[in-house]
1. Among the residues of the range 1-28, count how many are more than 9 Å from the ligand (Cβ to nearest atom) and part of a helix (DSSP H, G or I).
2. Among the residues of the range 310-337, count how many are within 13 Å of the ligand (Cβ to nearest atom), open to solvent by 10 Å² or more (accessible area, probe 1.4 Å) and closer than 23 Å to Leu544 by Cβ.
3. Are there any pairs with C-beta distances below 7 angstrom linking a residue in the range 532-543 that is under 15 Å from Ile15 (Cβ atoms) to a residue that is aromatic (Phe, Trp, Tyr) and within 9 Å of the ligand (Cβ to nearest atom), with the two at least 6 apart or on different chains, and if so which?
4. Go through (1) under 24 Å from the mean Cα position of the chain (by Cα); (2) β-branched (Val, Ile, Thr); (3) under 30 Å from Thr532 (Cα atoms) for Val258 and report which single condition fails.
5. For Arg59, are the conditions met, namely being under 17 Å from Ile115 (Cα atoms) and not acidic (Asp, Glu)?
6. So, in the range 7-63, of the ones that are of a type in the set (A, V, I, L, M, F, W, C) and without any contact (Cβ under 8 Å) to a residue 12 or more places away in the chain, which residue ends up nearest to Ser245 (Cα to Cα)?
7. Among what's in the range 95-147 and is of a type in the set (Gly, Ala, Ser) and part of a loop (DSSP other than H, G, I, E, B), pick the residue that is nearest to Gly14 (Cα to Cα).
8. If Tyr541 passes every condition in (1) under 14 Å from Val147 (Cβ atoms); (2) among the aromatic types (Phe, Trp, Tyr); (3) touching a Phe, Trp or Tyr at 6+ places or on another chain (Cβ under 7 Å) but one, which one does it miss?
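The values are calculated or read from the model by the stated rules, or taken from the named source; none is laboratory data. From a predicted model like this one, the values you see are computed outputs, not experimental measurements. Cβ placement follows ideal geometry from the backbone for every residue including glycine, while neighbour counts extend to all protein chains displayed. To get the accessible areas, we keep the full protein, side chains included, count just its heavy atoms, and leave off ligands, DNA and RNA. Shrake-Rupley method; radii C 1.70, N 1.55, O 1.52, S 1.80 Å.
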Amino acid sequence: MKSNQFDAIVVGSGISGGWAAKELCEKGLKTLVLERGRDVQHLKDYPTMTAAPWEMPHRNRIPLDDKLENPVVNRCYAYKEDTAHFFVKDSEHPYIQDKPFDWVRGYQVGGKSLIWARQTQRWSKYDFEGPDRDGFAVDWPIRYEDVAPWYSYVERFVGISGSYEGLDTLPDGEFLKAWEMNCVEKEIQKRIKASYNDRNVIIGRCAHLTEPKDVHLAQGRGQCMARNQCYRGCPFGGYFSSNSSTLPTAAKTGNLTVRPDSVVHSLIYDDQKGKVTGVRIVDRITKESSEYFADVIFLNASALNTNLILLNSISKRFPNGLGNDSGILGKYVAFHNYRGSINANYEGFMDEYYFGRRPTAVMMPNFRNVKKQEMDFLRGYMTFYTAGRAGFGHADVPFGQDFKEANSTPGPWSVYMMMQGETIPKESNHVTLSPDQKDEWGIPLLQISVAYDENDEKILTDFYEQGEEMLTKAGCINIRRGDSKQSPGLDIHEMGGVRMGRDPDTSLLNGFNQMHLAPNVFVTDGACMTSTGTQNPSITYMALTARAVDYAVKEMKKGNIS
Ligand SMILES: Cc1cc2nc3c(=O)[nH]c(=O)nc-3n(C[C@H](O)[C@H](O)[C@H](O)COP(=O)(O)OP(=O)(O)OC[C@H]3O[C@@H](n4cnc5c(N)ncnc54)[C@H](O)[C@@H]3O)c2cc1C
């Protein structure tokens with residue numbers, strides 16, 4: 001038992017778990033990271049990072065048998081031959097869909113930090129106030145001012161590129177040099193700004209090193225080369241991942257132990273001691289069970305897996321899941337609505353081009369219901385757009401001089417716009433454990449019951465109307481609506497189920513992500529989210545994690561957690 005004793009245990013090594021590990025190790029705690037997937041070492045385990053299409057058996061396409069066997073993951077745009085090894089196959093990790101839900105996962109050291117799209121916007125004060133003001137979910141127990149210093153803290157370390165705009169709806173952070181809009185994007189920005197008082201258009205903020213500082217070089221990372229092959233793992237460490245950044249930093253302290261292939265089954269609640277003492281695991285390969293113990297435990301298995309682990313942590317004291325006296329564990333799950341997109345064309349600028357494969361888009365912070373309820377739906381959406389020239393090879397003549405010339409010049413400009421809609425956490429959107437079906441490690445399958453509602457349809461309609469109007473005013477032509485009709489989940493921003501709040505009857509975590517009823521357990525991944533905002537969520541998970549570790553270690557020193 002002694003060799004299985006640590007100061008802290010972190011479950012999961014993805015974006016939030018990597019941060020928990022770094023912070024705990026740097027504060028001197030002997031920390032065990034339990035990760036269900038295989039080990040992935042930065043650079044060494046990125047087999048395709050420099051591969052050309054012709055070096056891949058299917059030229060970077062997914063073969064038909066894989067598509068048929070794994071329909072869910074195949075719907076993810078980033079799942080290709082060069083990245084498939086970092087995604088979970090549906091056939092290997094089944095779950096139950098009460099309603100269609102695309103659950104996209106990355107089970108390995110680094111989790112989804114290897115395959116995320118790296119867009120990072122802070123929440124604003126309006127997002128934290130939203131549920132209370134508009135009367136949905138429960139009030140966040142924190143406000144923007146509580147998280148702002150922690151946003152700065154993680155941004156400096158991660159390296160976020162962005163422009164300083166002074167917007168209260170999308171606060172500035174600690175930025176590296178911003179990426180640049182191309183000429184058509186700038187033209188659209190100019191015309192939208194001239195047409196509306198309530199709409200801001202800025203270049204996206206993302207976790208890419210445009211100008212690495214000492215803090216990034218010390219991590220062994222270098223400048224982003226704008227190759228747009230990030231999902232393979234970056235040979236330059238140009239984007240942020242646990243593997244390139246937080247985990248190696250944690251390891252340097254000498255306090256880190258990572259145990260890959262460790263499927264966490266549940267937390268151990270000692271009824272006599274009246275507290276959580278550790279974690280039960282099943283070895284992924286040998287299927288042997290073992291137990292690890294620690295004074296404090298951080299759950300960072302990603303939103304829905306953290307729900308699963310807590311629901312499966314049954315004891316005499318907590319027969320319905322750890323900390324679940326209120327019965328709300330697994331409920332109020334929410335996500336982002338990505339269904340709507342708009343395509344258009346732009347005439348002119350035929351003598352202009354752009355350089356590199358910029359890893360971000362143009363962003364328009366939410367302009368609906370921001371400061372007060374104005375629409376016939378709750379909350380709003382962030383809008384993104386990009387403009388680009390159609391690829392070379394657009395000739396519509398079959399041969400000759402014209403064919404050669406058309407194939408050696410880029411085609412006309414097209415514009416793509418998409419929405420990221422906030423969804424409202426509802427009790428009916430929930431996850432539970434299957435009463436009779438288990439996975440090969442003896443853990444009940446997760447049963448997911450999550451769907452859109454009328455509010456989401458109204459937001460979609462508003463996005464189409466406003467998007468079309470804005471693109472028309474911006475001079476676009478041939479404007480076409482698109483509805484992917486994609487299921488919830490494919491946004492890969494699932495959140496909630498273990499939400500933060502002020503009252504143990506209506507929430508599971510307090511304002512420091514600490515379980516109301518199990519004070520040495522902290523949940524700092526997406527499961528903790530009380531509402532979703534319209535921003536990409538991971539930078540908020542990182543900030544909340546660093547903040548929670550700071551609090552936990554101070555509480556341990558005071559003797560309040562042991
Ligand atoms: C294609 C794609 C694009 C995305 N784009 C963006 C974006 O632009 N911006 C943004 O903010 N977010 C984006 N995301 C979402 C982002 O990846 C997640 O929000 C983020 O990774 C969540 O961090 P996490 O630590 O909660 O989970 P993860 O990074 O998924 O890590 C969880 C880890 O826990 C492990 N684990 C799970 N269950 C267990 C268990 N029982 N025992 C032990 N270990 C376990 C997993 O194997 C995994 O390693 C994107 C995701 C994808 C796939």
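1. Result for the range 1-28: 9.
2. Of the residues in that region, 1 qualify.
3. Short answer, once both residue conditions are applied: Ser538/Trp116; Met542/Trp19.
4. Tallying (1) under 24 Å from the mean Cα position of the chain (by Cα); (2) β-branched (Val, Ile, Thr); (3) under 30 Å from Thr532 (Cα atoms), Val258 fails exactly one: (3).
5. It is false that Arg59 is under 17 Å from Ile115 (Cα atoms) and not acidic (Asp, Glu).
6. Ala52
7. Within the range 95-147, the match that is nearest to Gly14 (Cα to Cα) is Gly110.
8. For Tyr541, the exception is condition (3).
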